[in-house]
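Single-structure report; data block below.
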Amino acid sequence: MSESQTTVRLLPWSTADGNPCFLAGDGSGYVSRVADSIETMQLDVADELLGHADDMLGDAKAGARELRFLATELATALRDTRRIAVSRGARLSSSVPGSEGHGSDASAGE
């Protein structure tokens with residue numbers, strides 16, 4: 001990607017009414033760094049939840065309420081992880097010569 005090329009990035013947060021947020025730029029600014037940091041935290045949370053899931057699913061004493069709570073948190077983490085994958089995939093496809101960056105519908109499932 002050339003220095004003057006602008007890309008559109010799906011951000012890891014939504015508007016108050018649930019619509020996706022996008023950032024146009026070269027990926028080197030403050031908001032991009034904040035988004036990178038949030039994505040890293042979201043992936044870390046997903047990793048921790050997987051560890052809890054392994055432990056809880058191996059515990060015969062885990063109750064339905066605990067498992068429901070875990071499932072809810074895992075679903076949130078999966079949504080976040082999917083959003084990160086969509087965002088990164090769109091940015092990767094826009095950096096491929098001859099690609100217009102439309103390899104993925106960033107708003108699908110949002």
Give me, ordered by chain and number, the residues 5 or more places off Cys21 or on other chains with an amide H under 5 Å from its own placed amide H. Leu11, Trp13, Thr15
Of the peptides 46-58, 82-94, how do they stack up when ordered by the mean number of other Cβ atoms within 10 Å, highest first? 82-94, 46-58
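Tell me the trypsin sites (Lys or Arg not before Pro) within the range 9-65 that lie in a loop according to DSSP and have at most 12 other beta-carbon atoms within 10 Å.
For trypsin sites (Lys or Arg not before Pro) across the range 9-65 that sit outside H, G, I, E and B with at most 12 neighbouring Cβ atoms in 10 Å, the list reads Lys61.
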Quick one: if the Förster radius is 22 Å, what FRET efficiency do Phe22 and Ala75 give, using the C-beta to C-beta distance and rounding to 0.05? 0.40
Mind checking the per residue accessible area of the range 1-67 for me, 1.4 Å probe, whole number of Å²? 70 Å²
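The values are calculated or read from the model by the stated rules, or taken from the named source; none is laboratory data. This one's a predicted model, so the numbers in the text were calculated from it and none came from an experiment. Cβ atoms come from the backbone with ideal geometry, glycine included; neighbour counts cover every protein chain shown. Each accessible area value is taken on the protein alone, full model and side chains, heavy atoms only, with ligands, DNA and RNA left out. Shrake-Rupley method; radii C 1.70, N 1.55, O 1.52, S 1.80 Å.
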